[in-house]
Amino acid sequence: MPVLWDVDTQVDFMLPEGKLYAPGAEQTRAAMGRLVDAARQAGIVHVASVDDHELTDPEISPEPDFENTYPPHCLRGTRGALKIPETEQLDALPLGSTPYPPGLLRELVRDRREILLLKKSHSVFTNPSAEPLLQILDPAEIVLFGVATDVCDRGRRVAFVEDAARGLSETRVAECTRLWRERGVRFATVADVTSNW
């Protein structure tokens, strides 16, 4: 069974007034909503990553370089850190920076359909539960969408949902998608991926 993998669909990235807006992201909201609704109806696990920043995080800087550091965004407790309504999870299991023994993590995620990976850095794989979670779920395919599309595919079969994604930098997105094509990532639309669910 596939897993729906939702990358950082938070107000600060998704809306023009957001602190670190991904250009054009708001145009993908309806497509994202259709994808999440279809996954929910099909009983597909929805894994979402979210930035969960504090001003003391290494990624946050008053003088950002936009490669390793960024201006304050998705600060814990602010509106900007919230997921947009279209991708909001109804009963999410939040997994933060505490590492869990593999057996305990397996029990925690058993029968869960919504999992929320909190992170302090650009990559979701800085969360100690991300890689073990992938091993536990062992999806036939990762259906990837969201913002900041320059994330790694971790050597798994991936379908990238182009009409439900945007990136922060056109240059980085172009390089990432070029690499994905070389690695055999399937490029798809919401209609493509949901037609088999």
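Identify all residues within region 13-40 that are open to solvent by 10 Å² or more (accessible area, probe 1.4 Å) and over 15 Å from residue 162 (Cα atoms); write none if there are none.
15, 16, 17, 18, 19, 20, 21, 37, 38, 40
Among the residues in region 52-59, are any under 16 Å from the mean Cα position of the chain (by Cα) and surrounded by 12 or more Cβ atoms within 10 Å (Cβ to Cβ)?
Looking through region 52-59, at least one residue is under 16 Å from the mean Cα position of the chain (by Cα) and surrounded by 12 or more Cβ atoms within 10 Å (Cβ to Cβ).
Listed here are the residues, each with its yes/no results for (1) more than 26 Å from residue 77 (Cβ to Cβ); (2) of a type in the set (Asp, Glu); (3) in contact with a strand residue (DSSP E or B) (Cβ under 7 Å, 6 or more places away or on another chain); (4) not in a loop (DSSP other than H, G, I, E, B).
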site	(1), (2), (3), (4)
103	yes, no, no, yes
121	no, no, no, no
136	yes, no, no, yes
144	yes, no, yes, yes
156	yes, no, yes, no
172	yes, no, no, yes
179	yes, no, no, yes
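Considering each of 84, 115 in turn, give the residue that is among the hydrophobic types (A, V, I, L, M, F, W, C), over 23 Å from residue 169 (Cα atoms) and out of contact with any Cys (no Cβ under 8 Å at 6 or more places or on another chain).
On the way: 84 fails: over 23 Å from residue 169 (Cα atoms).
The conditions single out 115.
Which one is least open to solvent (accessible area, probe 1.4 Å) among residues in region 143-168 that are at pLDDT below 80 and among the small types (Gly, Ala, Ser)?
148
Within region 79-98, can you find the residues that are surrounded by 12 or more Cβ atoms within 10 Å (Cβ to Cβ), assigned to a loop (DSSP other than H, G, I, E, B) and free of Cβ contacts under 8 Å to residues at least 60 places away in the same chain?
88, 89, 92, 96, 97
Among 59, 63, 67, which is the only one that is more than 27 Å from residue 31 (Cα to Cα), among the charged types (D, E, K, R) and touching a Phe, Trp or Tyr at 6+ places or on another chain (Cβ under 9 Å)? Spell out the reasoning first.
Details: 63 fails: touching a Phe, Trp or Tyr at 6+ places or on another chain (Cβ under 9 Å); 67 fails: touching a Phe, Trp or Tyr at 6+ places or on another chain (Cβ under 9 Å).
Matching residue, one of 59, 63, 67: 59.
Mind listing just one residue for me: the one in region 99-120 that is in contact (Cβ under 8 Å) with a residue 40 or more places away in the chain and open to solvent by 40 Å² or more (accessible area, probe 1.4 Å) and, of those, farthest from residue 37 (Cα to Cα)? I'd like the intermediate steps shown before the answer.
Residues of region 99-120 in contact (Cβ under 8 Å) with a residue 40 or more places away in the chain: 112-120.
Cutting the leftovers down to open to solvent by 40 Å² or more (accessible area, probe 1.4 Å) gives us 112-113, 118, 120.
Values: 112: 16, 113: 12, 118: 22, 120: 28 Å.
The residue in question is 120.
Matching residues to (1) in a loop (DSSP other than H, G, I, E, B); (2) closer than 22 Å to residue 93 by Cα:
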{"site": "1", "(1), (2)": "yes, yes"}
{"site": "17", "(1), (2)": "yes, no"}
{"site": "40", "(1), (2)": "no, yes"}
{"site": "58", "(1), (2)": "yes, no"}
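The values are calculated or read from the model by the stated rules, or taken from the named source; none is laboratory data. Bear in mind that the values here come from a model prediction, so they are computed numbers and not experimental data. Cβ: placed from backbone, ideal geometry, glycine included. Neighbour counts: every protein chain shown. The protein model used for the area step is the full one, side chains on, heavy atoms only, and it has no ligands, DNA or RNA in it. Shrake-Rupley method; radii C 1.70, N 1.55, O 1.52, S 1.80 Å.
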